Amino acid sequence: MEIEGATGAASLEDLVEKLAAPKVVWLMVPAGDATESTVNALAKLLPSGSTIIDGGNSFYKDDARRGGQLKEAGINYVDVGTSGGVWGVERGYCLMIGGDTGAVKRLEPIFAALAPGAGDIPRTPGRESLKSTAELGFLHCGPSGAGHFVKMIHNGIEYGLMQAYAEGFDIMRGANSTELQTNLRYDLNLPDIAELWRRGSVVGSWLLDLTAMALAENPSLSEYTGFVHDSGEGRWTIQAALEEAVPSEVLTAALYTRFRSRQEHTFAEKMLSAMRQKFGGHVEQPVLKPTEAVK
């Protein structure tokens, strides 16, 4: 069966048989065991000169190991960190690529087709004489693992940006708190502020665009629980920072906040209460119901 030019395959064996040489297989499966087992299975089926592309979110050290192992069998391994989310089908995908230079060069037509292209984004001043595919939305970052390393840091930064927006809007949401002086209370329209900032503010970004969209749909965000998952790259980013002895306070705090979101109260918070009681005699205050709040 063919749909939009694609031919289906019933198994990995069937897939490899149908591919023309030099054979190229692009994987988009969850990082970890799923990727590992699929790469190992393909390595037994593909002839020398073939290429395996991992377009998922694998740990970069796994890429470096796989790249070395597959090289012995004459198979190229290319890791492609892919960013674009569900909107990538319309906007194109930013591709961060690691692997052998020759293999990556041969695959450039595929990357160019998937990437967003130059579009109508003005060229960065000072780049006029620089020759790079970065302006097209894809970049060969280095040997095996380099692509996923850059994508890992990309996602770590994303955690920090999201946390900054979340905290800022939360502060504005609390600006009409009864704990504030009456003349310093502000009932702010968060959907309008998000839209305002989209229009030329220095904090404008695609993440802000998505924030404005969510607030326009439901200003109270009542359909969300506040339980925030992490996909792994944030943890790996902090691990890399530790190995390099590079400070990463903001990214670390953003990751920890995601952990915090999954619990009502942590042991650490109980310890804070205990220490406050011990050093200052502070008695832990119960949470008051709205009707019990001090006026």
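The values are calculated or read from the model by the stated rules, or taken from the named source; none is laboratory data. Nothing here was measured: the structure is a model prediction, and the numbers come from that model. Cβ coordinates were reconstructed from backbone atoms using ideal geometry, including for glycine residues, and neighbour counts include every protein chain displayed. All accessible areas refer to the heavy atoms of the entire protein, side chains included, with ligands and DNA or RNA removed. Shrake-Rupley method; radii C 1.70, N 1.55, O 1.52, S 1.80 Å.
Worth a mention:
- The test for being small (G, A, S) and out of contact with any strand residue (DSSP E or B) (no Cβ under 8 Å at 6 or more places or on another chain) holds for G126.
- Matching residues in the range 85-111 - criterion: being closer than 30 Å to E72 by Cα, open to solvent by less than 90 Å² (accessible area, probe 1.4 Å) and of a type in the set (S, T, Y): none
- Some residue of the range 210-223 being part of a loop (DSSP other than H, G, I, E, B), free of Cβ contacts under 8 Å to residues at least 40 places away in the same chain and hydroxyl-bearing (S, T, Y): yes
- Summed over the range 93-116, the residues that are over 20 Å from Y60 (Cα atoms) and touching a Gly at 6+ places or on another chain (Cβ under 6 Å) give a count of 2.
- The single condition among (1) assigned to a loop (DSSP other than H, G, I, E, B); (2) closer than 30 Å to V29 by Cβ that L139 does not meet is (1).
- Residue in the range 150-158 that is more than 21 Å from R258 (Cβ to Cβ) and either surrounded by 14 or more Cβ atoms within 10 Å (Cβ to Cβ) or at pLDDT below 95 (or both) present: yes
- Hey, E244 open to solvent by 90 Å² or more (accessible area, probe 1.4 Å) and either aliphatic (A, V, I, L, M) or over 27 Å from V80 (Cβ atoms) (or both) or not: no
- Extreme residue, nearest to Q239 (Cα to Cα), among residues of the range 253-275 that are modelled with pLDDT under 75 and not hydrophobic (A, V, I, L, M, F, W, C): T266
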